[in-house]
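Novice: Got a structure here, written out as structure tokens. Questions coming.
The values are calculated or read from the model by the stated rules, or taken from the named source; none is laboratory data. Keep in mind the model is a prediction, meaning the values are calculated, not measured. Ideal geometry is used to build each Cβ from the backbone, glycine not excepted, and the neighbour counts take in all protein chains shown. Surface areas here come from the heavy atoms of the whole protein model, side chains and all, with no ligands, DNA or RNA. Shrake-Rupley method; radii C 1.70, N 1.55, O 1.52, S 1.80 Å.
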Amino acid sequence: MSAPHSHTHEEPASFAFDADSEAQIAKILARYPESKKASGVIPLLYVAQKQMGRLTGSAWTPRIAMDTIAERLGMAPIRVYEVATFYFMFNTKPIGRFHLQVCGTTPCWLRGSDEVLRACKDAGHLKGYGDTSEDGIFTMTEVECLGGCVNAPILQVDDDYYEDMDYDSTVKLIEALKRGERPTPGSVTGRQGSAPIGGAETVLDIPMADVKE
Ligand code: FES
């Protein structure tokens, strides 16, 4: 699984954490003893990526940000690059404003992820996985199981899971994102949590008097 790619991209010449990010970093690093602060590499990569999203509209992690993290954590830069390129949630190249992550693993596939993919292509004007739309609004990638199979198929938009998707609900979601709306994440069919379609079928008839505190 590789990070989404555009054909060419420019790396920024400088990177510095802003005040918001510094506040988050202070909390993160407080979790680790000084000698183990390298354990904060993944959370700091997230902080950097989110800052890029906040400031530029494209949530990605430039190499200079990885270098900044390496310096902050006392690590060799290559060790930060290794982490950032291993996990597909880190984008090492610029992406669109919204990151559409289509789960194509077996449970989602059996439940119609091909239709979610088709809807993303049609409504987002995307050619396929790895593509960014010409207007820069969407980037689409295929991801492996998101751990939400019980409500498959899942479309992850940035950090939000949209569940029980089909062609029409995906188009509707994408059109809403284009209008600047952010529909509530979760099941689009109104399923309660991960209860069976049609509602809960168990633990329905326990008289409250029998429930021990
Ligand atoms: S297979 Fe898609 S969430 Fe598990």
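Novice: Kindly indicate which of Arg118, Arg79 is surrounded by fewer than 22 Cβ atoms within 10 Å (Cβ to Cβ), among the basic types (Lys, Arg), more than 14 Å from the ligand (Cβ to nearest atom) and in the same structural domain as Gly53 (by TED's automatic domain parsing).
Specialist: After ruling out the rest, the residue left standing is Arg79.
Novice: Quick check on my filter: what residues within region 130-143 are open to solvent by 10 Å² or more (accessible area, probe 1.4 Å) and part of a strand (DSSP E or B)?
Specialist: Thr132, Thr141, Glu142
Novice: Something else about it: Checking the structure you have, find out if any residue of region 36-51 is open to solvent by less than 10 Å² (accessible area, probe 1.4 Å), in contact with a strand residue (DSSP E or B) (Cβ under 6 Å, 6 or more places away or on another chain), of a type in the set (A, V, I, L, M, F, W, C) and within 22 Å of Leu146 (Cα to Cα).
Specialist: No: region 36-51 contains no residue that is open to solvent by less than 10 Å² (accessible area, probe 1.4 Å), in contact with a strand residue (DSSP E or B) (Cβ under 6 Å, 6 or more places away or on another chain), of a type in the set (A, V, I, L, M, F, W, C) and within 22 Å of Leu146 (Cα to Cα).
Novice: Can you tell me which residue is farthest from the ligand (Cβ to nearest atom) among those in region 92-106 that are open to solvent by 50 Å² or more (accessible area, probe 1.4 Å) and touching a helix residue (DSSP H, G or I) at 6+ places or on another chain (Cβ under 9 Å)?
Specialist: The selected residue is Arg97.
Novice: Mind checking which pairs have a first residue in region 189-213 that is closer than 16 Å to Ile154 by Cα and a second that is modelled with pLDDT of 85 or more and of a type in the set (A, V, I, L, M, F, W, C), Cβ under 8 Å, 6 or more apart or different chains?
Specialist: Partner pairs satisfying both residue conditions: Ser194/Val150.
Novice: Need the failing condition index for Gly124 against (1) touching a residue at least 40 places away in the same chain (Cβ under 8 Å); (2) within 30 Å of Ala13 (Cα to Cα), just the number.
Specialist: (2)
Novice: Could you count how many residues in region 136-147 are on the phi > 0 side of the Ramachandran plot and more than 12 Å from the ligand (Cβ to nearest atom)?
Specialist: Counting residues in region 136-147 that are on the phi > 0 side of the Ramachandran plot and more than 12 Å from the ligand (Cβ to nearest atom) gives 1.
Novice: Also, I was wondering about something else. Would you mind finding the one in Ser133, Ser169, Ser113 that is more than 16 Å from the ligand (Cβ to nearest atom) and modelled with pLDDT of 95 or more?
Specialist: Ser133
Novice: Right, something else. Looking at this structure, is Phe88 surrounded by fewer than 20 Cβ atoms within 10 Å (Cβ to Cβ) and in contact (Cβ under 8 Å) with a residue 24 or more places away in the chain?
Specialist: In short, yes.
Novice: Here's another thing I want to ask about it. Evaluate the following for Lys127: is it open to solvent by less than 70 Å² (accessible area, probe 1.4 Å), away from the ligand (no atom under 16 Å from the Cβ) and in a loop (DSSP other than H, G, I, E, B)?
Specialist: When the stated conditions are applied, Lys127 does not pass them.
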